[in-house]
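Asker: Here it is, the structure, as structure tokens.
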Amino acid sequence: MTKLMFIVSVLVVISVVVFTTAVIVTLLRRGDRRRAEEEKLAAIGTATARILHQIKNPLQTIVLHADILQDERIVSEQHQRREVCEAIVGESERLVAMLDELSVYASGARRTLNRRPVRLDELVRQVAAVEAREAGETGLTVDARNLGEATVNGDAYYLRQVFENLVRNAREAMDGQAEPPRVSVSVTRSGGEALVRVADNGPGIAPENLQRIFQPFVSTKGKGMGLGLAICREIVEGHGGRMEVDSTVGQGTTFTVSLPLHTESPALSAAA
């Protein structure tokens, strides 16, 4: 009898422990789901606020300049009318570009890459030359002397988009700094990879921001939606490459794009 009661007591204790454990696990899972949902809602809220803020700015400029055109003195003056119209067109194009960027990223669709052998050094040289011309009299120096020959199997259109974005980001990061702004672009080879580096002597990126720099809707600049680097990394990874960043506050930032070199292997030919 005593032995039976002992067994029953043990079973009761085990049942209570199992039940309690099950309840705790359920509550923890429910708590994890709730936290995940809260984090998701917070991320959506942040993204929505940033999108609305970035769209509102060009819209306000367009409305303001359209209102100015109602002034008969402005309309009668050809030079002033042209300036106002150029501002409207420029802000409209900026708005369309932002919406296109958002649409491409939000669709989640994989890009169809038109892969073929691309001379990476020539592509980077063209991007650097355009940036140097656009820099004009701003004092920006674009150093593109170290461009070693390298051929990759990729889509020239999307790769150009990556390098244009990186060079433009470097230039914008140095706006208003006292030290003469300088962007250095280089192409080297390491093993079976081509390495493209875009370096600036700007203010650098704080460590807490460096960990989040490739996340969507994260930006250290006052303008833009923070999708540029996220899209760039997506394009690079679609080419089988990777994107890295190294930055020191007060000294500058270097982005490195690594891409597989073009080979004539059967597997690569079939993929192309």
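The values are calculated or read from the model by the stated rules, or taken from the named source; none is laboratory data. These numbers come from a predicted model, not from an experiment. Backbone-built Cβ (ideal geometry, glycine too); neighbour counts: all protein chains shown. Ligands, DNA and RNA are excluded from the accessible area calculation, which covers all protein heavy atoms including side chains. Shrake-Rupley method; radii C 1.70, N 1.55, O 1.52, S 1.80 Å.
Asker: Near residue 254, within a Cβ-to-Cβ distance under 11 Å, what is the net charge of the other residues, with Lys and Arg +1 and Asp and Glu -1? If you can, show how the numbers build up before the last one.
Answerer: On the way: positive: 197; negative: 200, 244, 246.
Every neighbour counted, the sum reads -2.
Asker: Need one value: the accessible area of residue 214 in square angstrom, 1.4 angstrom probe, rounded to the nearest 10.
Answerer: 30 Å²
Asker: Now for a separate question. Across region 249-259, in residue order, what do the Karplus-derived ³J(HN,Hα) couplings come to in whole Hz, using 6.51 cos²θ - 1.76 cosθ + 1.60 with θ = phi - 60° and x for Gly and Pro?
Answerer: 4, x, 10, x, 9, 10, 9, 10, 10, 10, 10
Asker: Express the Stokes-Einstein translational diffusion coefficient of region 146-189 in µm² s⁻¹, to the nearest whole number, given a Kirkwood radius over alpha-carbon pairs, 4 °C and a viscosity of 1.567 mPa s.
Answerer: Working: Rh = 12.3 Å.
For these conditions, the coefficient is 105 µm²/s.
Asker: Using a 1.4 angstrom probe on the protein heavy atoms only, could you order 239, 65 from most to least accessible area? Can you show the working numbers first?
Answerer: Values: 239 10, 65 40 Å².
Ranked from most to least accessible, the order is 65, 239.
Asker: How big is region 118-180 on each of its three principal axes, counting only the C-alpha atoms and giving the largest first in Å?
Answerer: Result for region 118-180: principal-axis Cα extents of 40, 21, 16 Å.
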